[in-house]
1. Could you tell me which numbered condition Arg67 fails, if it satisfies all but one of (1) open to solvent by 10 Å² or more (accessible area, probe 1.4 Å); (2) at pLDDT 95 or above?
2. Are any of the residues in segment 84-96 modelled with pLDDT of 95 or more, open to solvent by less than 10 Å² (accessible area, probe 1.4 Å), closer than 24 Å to Leu161 by Cβ and touching a helix residue (DSSP H, G or I) at 6+ places or on another chain (Cβ under 8 Å)?
3. Considering each residue of segment 64-77, count those that are part of a helix (DSSP H, G or I) and either touching a Leu at 6+ places or on another chain (Cβ under 6 Å) or without any contact (Cβ under 8 Å) to a residue 12 or more places away in the chain (or both), and give that number.
4. Under the condition of being open to solvent by less than 20 Å² (accessible area, probe 1.4 Å) and either in contact with a Cys (Cβ under 9 Å, 6 or more places away or on another chain) or in a loop (DSSP other than H, G, I, E, B) (or both), which residue from segment 249-268 is modelled with the lowest pLDDT?
5. What residue, among those in segment 208-244 that are in a strand (DSSP E or B) and without any contact (Cβ under 8 Å) to a residue 60 or more places away in the chain, is most open to solvent (accessible area, probe 1.4 Å)?
6. Just name the residue that is nearest to Ala174 (Cα to Cα) out of those in segment 250-268 that are in contact with a strand residue (DSSP E or B) (Cβ under 9 Å, 6 or more places away or on another chain) and of a type outside the set (Phe, Trp, Tyr).
7. Any residue at all in segment 200-207 that is at pLDDT 95 or above, closer than 27 Å to Ala70 by Cα, assigned to a loop (DSSP other than H, G, I, E, B) and open to solvent by less than 60 Å² (accessible area, probe 1.4 Å)?
8. For segment 185-242, what are the residues that are among the small types (Gly, Ala, Ser) and in contact with a strand residue (DSSP E or B) (Cβ under 6 Å, 6 or more places away or on another chain)?
Amino acid sequence: MNANRFGDLEVLACSPSGKPAFATPLLFIHGAYTGAWCWAEHFLPYFADAGYTCYAVSLSGHGGSRRHAALDTLSIDDYVRDVAEVVTRLPAQPVLIGHSMGGMVVQKYLERAGVPATVLLCSVPPQGLMGSAIGLIFNKPNLIHDLNSMLNGGHPAPESLREALFHQPVDDAALMRFYRQCQPESHRAIWDMTLFNLPQPARMHRPPMLILGAEHDHLIPPAQVSMTAAMYGEPAHIFPGLGHGVMLERDWRTVADHIAAWLPTQIV
């Protein structure tokens, strides 16, 4: 695993031990409150072992990337420009794999450019966050309170992170390690995803798209994943027994295996 600088952006890279089996690289895009680190735990080494050259970007204001002081002014379009900047530096056009907010960034990126394929993983739907927010208000009011506190730079209890990301058991040491790496998110980006800058499917390139969700996801529940799938005319696959943080759950491999089985049918 290598930590690189693409200009002022932090990009984690993981390559196969020998010659890559696939010429098409993978670019992973994280969700809100996190950074490229969330992919390094399992997915980057897994897909490198499967023969892919893998990259994960920390979007502006996240992880080791630029503009932390300006985080609250950053828009979804700023994050799209980050992805475009990384794509221009890769050896070939990548598959884009976006989780949660990262899935929204992927959808917006497709308004400006095509890629070989995309994976939307527990992604914010093209209809935006409003439906999810209303569901949380009624079903998980304490969780949305803590997420809003974190949005404003507060420090909610680690148990809120457990509830937000996990359905399966996670040991306290791992939970605290993830907790220490989480961070505030941009108000502007949240509003963009709620109302002001939603995807415009008529303007989007339409590469092959894999749409995945998790049975016990409180943030982007299966009904929201199904909305995404219906908009793009694709099936939705919902993984039983998993929460929102599928790449960090105990059974993360079931998700990775599903993506790994699909990718070779779409790319060379």
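1. (2)
2. So far as segment 84-96 goes, no, none of its residues is modelled with pLDDT of 95 or more, open to solvent by less than 10 Å² (accessible area, probe 1.4 Å), closer than 24 Å to Leu161 by Cβ and touching a helix residue (DSSP H, G or I) at 6+ places or on another chain (Cβ under 8 Å).
3. In the first step, residues of segment 64-77 are kept if they are part of a helix (DSSP H, G or I); the result is 68-73, 76-77.
The next check asks that each one be either touching a Leu at 6+ places or on another chain (Cβ under 6 Å) or without any contact (Cβ under 8 Å) to a residue 12 or more places away in the chain (or both); those that pass are 68-70.
Residues in segment 64-77 being part of a helix (DSSP H, G or I) and either touching a Leu at 6+ places or on another chain (Cβ under 6 Å) or without any contact (Cβ under 8 Å) to a residue 12 or more places away in the chain (or both): 3 in total.
4. Across segment 249-268, the extreme among qualifying residues is Ile267.
5. Just the residues of segment 208-244 that are in a strand (DSSP E or B), to begin with: 209-214, 236-239.
This time we only want the ones that are without any contact (Cβ under 8 Å) to a residue 60 or more places away in the chain, so: 236-239.
Values: Ala236: 43, His237: 70, Ile238: 53, Phe239: 12 Å².
Ranking the qualifying residues of segment 208-244, first place goes to His237.
6. Here is the first cut: in segment 250-268, the ones in contact with a strand residue (DSSP E or B) (Cβ under 9 Å, 6 or more places away or on another chain) are 251, 254-255, 258-259, 262-263, 266-267.
Within this subset, residues satisfying the condition of being of a type outside the set (Phe, Trp, Tyr) are 251, 254-255, 258-259, 263, 266-267.
Working: Asp251: 15, Thr254: 20, Val255: 20, His258: 25, Ile259: 25, Leu263: 30, Gln266: 35, Ile267: 35 Å.
Among residues in segment 250-268 that are in contact with a strand residue (DSSP E or B) (Cβ under 9 Å, 6 or more places away or on another chain) and of a type outside the set (Phe, Trp, Tyr), the one nearest to Ala174 (Cα to Cα) is Asp251.
7. Scanning segment 200-207, I find no residue that is at pLDDT 95 or above, closer than 27 Å to Ala70 by Cα, assigned to a loop (DSSP other than H, G, I, E, B) and open to solvent by less than 60 Å² (accessible area, probe 1.4 Å), so the answer is no.
8. In the first step, residues of segment 185-242 are kept if they are among the small types (Gly, Ala, Ser); the result is 186, 189, 202, 213-214, 223, 226, 229-230, 233, 236, 241.
Passing the criteria: Gly213, Ala214, Ser226, Ala229, Ala236.
The values are calculated or read from the model by the stated rules, or taken from the named source; none is laboratory data. Only a predicted model underlies this, so the values are computations on that prediction, with no experimental measurement involved. Don't worry about glycine lacking a Cβ; one is built from the backbone with ideal geometry, like all the others, and counts go over all protein chains shown. To get the accessible areas, we keep the full protein, side chains included, count just its heavy atoms, and leave off ligands, DNA and RNA. Shrake-Rupley method; radii C 1.70, N 1.55, O 1.52, S 1.80 Å.
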